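The values are calculated or read from the model by the stated rules, or taken from the named source; none is laboratory data. Quantities reported herein were computed from a predicted structural model and do not represent experimental measurements. Using ideal geometry, Cβ is built from the backbone for each residue, glycine included, and neighbour counts are taken over all protein chains shown.
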Ligand code: ADP
Ligand code: ZN
Ligand code: ZN
C-alpha cells in the first residue's frame, strides 16, 4: 500500500510506502510523520491511499500516524486545491499556510507532543447569557432587510455604508440570525483592524460562542482553536484575520468580509499569494454559504460586479445618529512653502485647527504614511546616501534607536560619524516620517501629549492595543500614525484629522494609486466626528487642483470610480482584465537579464501581446536576489486552466536548462 503525502515544502506531494502495521490507520486527511532526504523528518497530510508503486524511485516508508481522525476535512482539501490552482503554487505551500505551526512539527520531541487531542472542557461550552444586540436605527434596519432580501437571489452582497453608519451593528444582527439557525459564521477583518475594540464589542453579544484567530497568537492558541473547530463542539462564530479562512468549518452559513477593500487581505510573501476576500468567497461557495462584503470605499473589482448585478448591492448613506460626515479642507502646501510659512511639515492652518481642538479638550489624529524619522540621510558635503547592502533601497533613519534600517530585509546599522566617501561630519535628513512628526509636535504643542502608532511602536498585539486603548481613554491628545490609524477605529472624541502629505500616495507609479489614495484618505477622514463633535479634516497637498483631491473632499466615490474605470478599460487593467505577474529571481543580475528575456520570448509565443516586460520592479534587489517582473494581461473569459498549464509548461522548459539551475520563478495572480 502507498500513500501520497502533502508536506509543508514547495511541492504538490510525495509518495510513501505504508508499512503493514500502519495500514489500518493511514487515512486521507490524517497527519503522518515521514523521512525526507538524508536526515529530515516532516509532518505531512495524507492526500490519498493507493496501490500504484512509483516508478524508478526509492520509496521510503511512513514512520508514524499522528491522528485517529482526519485533521483536514474534504472541504479543506477542495479549498486547498482551489488555492493551489488559482494562485499557481504547489499544494505544499498551501498546507504550510493552512495548518498552525504546532500541527506540523519537524523535530522528534515536538512530534511526540503534537498528537494529543485537546478537547474543550464541558464547562467552556456552556452558552453564556449575553446581552441582546442594540436595536437598529430605521436606516440600518432597512439596510439589514435589504441584505437579507438580496441573499435570497445572490450569494455575494456588498454593503456600501459610509464610515460610522453602523455596519458593525448590522453584522451583529445578521450573525445573530445565522447562529440561531445553527449555522457557523466567519467574520474576517484586516490584520490591523482586529483590536480589542471590535473583539470586545462582539464578545459582548456572542460571549463564549465566539473564537478569535489572530496571527499574533501563540502557536498553542492557534492549535487549540483549530482543534476545537475540528471537534464536535466548534465555535459557531470565528472572528479572525486572513489566515482564519484555513480553519476547518463544518456548517458555515455566512462569511463577512469587513473593510473588503483593504490591501492587507492579500498575502504578498511567501506563497500562497492569495487574496483572503476572494478566497473567502470561494470558501463560502464550497459550503453553499453567503458572503457579505462591507466597506465605505469599495474596491473597484467588487463595486464593478455589484453594479453589473452579479453581486447584490446595499447602500447605507447616513451616519448613525445622523452625524455629519467630516468636512475635508484642502491646504495647498506649495503656496505655504513658497511663503516660508511651514513649521516643519505643519501648515499654519493645520496648527491653528489643532490648537483650537486641543483647547476644547478634543483629540487629533495625524496621518503620515511613512515610519521612522526621515526617509533617508545624505552627506551635506558630497551627497553620499547610505543604502542597504542586500537590497536596492536607501536606509531609513530611526533617530530614537540611533539606527538606519532597511524596511525590506530588516538590516540595521549605526548612523556613521563620518561620511565614508568624503569624511564629512554633517548629514541632512530628507523626508518626514512619524518619528520626526512626533518631535515637531513637542516643539509646536509642548503641552500636548502624543502617542505614535506604526510598525516600530506597535510591534506586538499588546503594544498595539495599549496605544488604541490609551487613546480611547484620552491618555493622549494626539495620535500620530501610519496607515495603521486608518483602519476601522472608533474613537468618540476625535474632532480633527490631519493628512500631512497626500502626494506620496497619489504619485506612486501604480494603476491603483488614485483608487488607493481615495480609499485611504476617506477612511482616515472617517475617524473624525464619529460621536459628539463634528469632524474637520485638513488635507495637506501640493496638488490641490488634482481631480482626485476634489473627489475626496466631496466624498464623490462615483466620479472617482467612473473616470478611473475609463482608464482601466483603455489600458487593459483590472477589473476588465486579469493580471498575472511572473517573477524571476537570481543572484546574478546579468544572467537574470538573459533568463528573463528568454522567458518573456517564450511567453510571447503563446500569449502574444498580452505579455509586457521583463522589467525591473521599483525595488529590484531584495536580500541579495535580483528580481525581474513579466506582466500578463489576460481576458476575463480566457480559461484559467489553459493559462495555468501554458505558464507551467514554459516554467518547466526554463528550469530544465542547466544555465537556469538557481533560477527561482513564482507567480502573483491578481497582484495588488
Ligand atoms: P461603521 O462600522 O459603519 O464604521 P460602527 O458600527 O462602528 O460604524 O458604528 C459607529 C458608532 O455608532 C459606534 O460607536 C457604534 O457603537 C454606534 N452605533 C451604531 N449603530 C448603533 C445602534 N443601532 N445603536 C447604538 N449605537 C450604535
Ligand atoms: Zn560625504
Ligand atoms: Zn535590505
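Under 26 Å from residue 140 (Cβ atoms), at pLDDT 95 or above and surrounded by fewer than 19 Cβ atoms within 10 Å (Cβ to Cβ): does that describe residue 181?
On the way: under 26 Å from residue 140 (Cβ atoms): yes; at pLDDT 95 or above: yes; surrounded by fewer than 19 Cβ atoms within 10 Å (Cβ to Cβ): yes.
Here the answer is yes, as residue 181 does meet what is asked.
Determine which member of the set 349, 371 is within 16 Å of ligand 3 (Cβ to nearest atom) and under 23 Å from residue 522 (Cα atoms). Steps first, answer last, please.
Working: 349 fails: within 16 Å of ligand 3 (Cβ to nearest atom).
After ruling out the rest, the residue left standing is 371.
Is it fair to say residue 419 is touching a strand residue (DSSP E or B) at 6+ places or on another chain (Cβ under 8 Å), within 16 Å of ligand 3 (Cβ to nearest atom) and in a loop (DSSP other than H, G, I, E, B)?
Values: touching a strand residue (DSSP E or B) at 6+ places or on another chain (Cβ under 8 Å): yes; within 16 Å of ligand 3 (Cβ to nearest atom): no; in a loop (DSSP other than H, G, I, E, B): yes.
Here the answer is no, as residue 419 does not meet what is asked.
Suppose the filter is within 15 Å of residue 102 (Cβ to Cβ), away from ligand 1 (no atom under 16 Å from the Cβ) and surrounded by fewer than 20 Cβ atoms within 10 Å (Cβ to Cβ); does residue 247 pass it? Working first, answer last.
Working: within 15 Å of residue 102 (Cβ to Cβ): yes; away from ligand 1 (no atom under 16 Å from the Cβ): yes; surrounded by fewer than 20 Cβ atoms within 10 Å (Cβ to Cβ): no.
No; evaluated as a whole, the condition is false for this residue.
What do you reckon, is residue 185 under 12 Å from residue 256 (Cα atoms) and not assigned by TED's automatic domain parsing to the domain that holds residue 518? Even if it seems obvious, please write down each step before you answer.
Numbers: under 12 Å from residue 256 (Cα atoms): yes; not assigned by TED's automatic domain parsing to the domain that holds residue 518: yes.
It is true that residue 185 is under 12 Å from residue 256 (Cα atoms) and not assigned by TED's automatic domain parsing to the domain that holds residue 518.
Being in contact (Cβ under 8 Å) with a residue 60 or more places away in the chain and out of contact with any strand residue (DSSP E or B) (no Cβ under 6 Å at 6 or more places or on another chain) is the filter; apply it to the stretch 555-573 and report the residue that is nearest to residue 506 (Cα to Cα).
Within the stretch 555-573, the subset in contact (Cβ under 8 Å) with a residue 60 or more places away in the chain is 555, 557, 561, 564-565, 568, 571-573.
When the remaining residues are screened for being out of contact with any strand residue (DSSP E or B) (no Cβ under 6 Å at 6 or more places or on another chain), the result is 555, 557, 561, 564-565, 568, 571, 573.
On the way: 555: 16, 557: 16, 561: 15, 564: 13, 565: 17, 568: 16, 571: 19, 573: 18 Å.
Among those residues, the one meeting the criterion is 564.
Looking at this structure, is residue 482 closer than 30 Å to residue 558 by Cβ, surrounded by fewer than 24 Cβ atoms within 10 Å (Cβ to Cβ) and assigned by TED's automatic domain parsing to the domain that holds residue 545? Step through it out loud before you land on a result.
Values: closer than 30 Å to residue 558 by Cβ: yes; surrounded by fewer than 24 Cβ atoms within 10 Å (Cβ to Cβ): yes; assigned by TED's automatic domain parsing to the domain that holds residue 545: yes.
Considered against the rule, which asks whether it is closer than 30 Å to residue 558 by Cβ, surrounded by fewer than 24 Cβ atoms within 10 Å (Cβ to Cβ) and assigned by TED's automatic domain parsing to the domain that holds residue 545, residue 482 comes out as yes.
Pick from the stretch 373-384 the residues that are within 17 Å of residue 417 (Cβ to Cβ) and surrounded by 15 or more Cβ atoms within 10 Å (Cβ to Cβ): which of them is nearest to ligand 1 (Cβ to nearest atom)? Can you show your working first?
Kept after step one, since they are within 17 Å of residue 417 (Cβ to Cβ), are these residues of the stretch 373-384: 377-382, 384.
Still in the list and also surrounded by 15 or more Cβ atoms within 10 Å (Cβ to Cβ): 377-379, 384.
Working: 377: 40, 378: 42, 379: 47, 384: 47 Å.
The qualifying residue nearest to ligand 1 (Cβ to nearest atom) is 377.
How many residues are at pLDDT below 90 and either closer than 20 Å to residue 95 by Cβ or touching a helix residue (DSSP H, G or I) at 6+ places or on another chain (Cβ under 6 Å) (or both) when one looks only at the stretch 196-219?
Here the count works out to 5.
Of these, 36, 22, which one is outside the structural domain of residue 645 (by TED's automatic domain parsing), touching a strand residue (DSSP E or B) at 6+ places or on another chain (Cβ under 6 Å) and within 30 Å of residue 582 (Cβ to Cβ)? If you could, list the steps in order and put the result at the bottom.
Values: 22 fails: within 30 Å of residue 582 (Cβ to Cβ).
From the options 36, 22, the qualifying one is 36.
How many residues, within the stretch 324-360, are surrounded by 15 or more Cβ atoms within 10 Å (Cβ to Cβ), free of Cβ contacts under 8 Å to residues at least 40 places away in the same chain and assigned to a helix (DSSP H, G or I)?
Selection size over the stretch 324-360: 1.
For the stretch 286-318, what are the residues that are closer than 17 Å to residue 188 by Cβ and surrounded by fewer than 19 Cβ atoms within 10 Å (Cβ to Cβ)?
Selection gives 286, 301.
Hey, residue 555 hits all of (1) away from ligand 1 (no atom under 16 Å from the Cβ); (2) within 27 Å of the chain's Cα centre (by Cα); (3) under 30 Å from residue 295 (Cβ atoms) but one; which does it fall short on?
Failing condition for residue 555: (1).
Give all pairs with beta carbons closer than 6 Å in which a residue from the stretch 403-432 that is at positive phi meets a residue that is away from ligand 3 (no atom under 16 Å from the Cβ); count only pairs at least 6 apart in sequence or on separate chains.
Close Cβ pairs (under 6 Å, with a partner that is away from ligand 3 (no atom under 16 Å from the Cβ)) amount to 431/374.
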